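K.L.:
Handing you a structure now.
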Amino acid sequence: MRGFIGFIAMIQGAVGFAGQVFFGKNWGILSHWFDPPALAHAGVFAVGAALAVWGDLDKKRKQKREQGQVAGGAA
């Protein structure tokens, strides 16, 4: 779930940043609730990237742990 939320946050941050910097308009869902500056959008992207990486690493760690338990139980 963290990875999915992180991916959505990355999209919102990238779209908002690009909209403000390159087109001078607020894009994305955040602009409906707040009026964040471009740097805040970059921060949302960074937080989303961190969540996505954290979710992916946790998923891989869990798979590795389950494979170890299966292999250890068979021996």
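The values are calculated or read from the model by the stated rules, or taken from the named source; none is laboratory data. Just so it is clear, the structure is predicted and the values come from calculations on it, not from any experiment. Here the Cβ is made from the backbone with ideal geometry for all residues, glycine too, and neighbour counts use every protein chain on show.
K.L.:
Tell me which residues, restricted to segment 53-75, are among the β-branched types (V, I, T) and modelled with pLDDT under 90.
P.N.:
Filtering segment 53-75 for residues among the β-branched types (V, I, T) gives 53, 70.
If the condition is that a residue be among the β-branched types (V, I, T) and modelled with pLDDT under 90, then V70 is the only one that fits.
Condition check ((1) β-branched (V, I, T); (2) in contact (Cβ under 8 Å) with a residue 40 or more places away in the chain) across all residues:
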site	(1), (2)
G3	no, yes
A9	no, yes
V15	yes, no
A46	no, no
A52	no, yes
L57	no, no
K60	no, no
K64	no, no
Q69	no, no
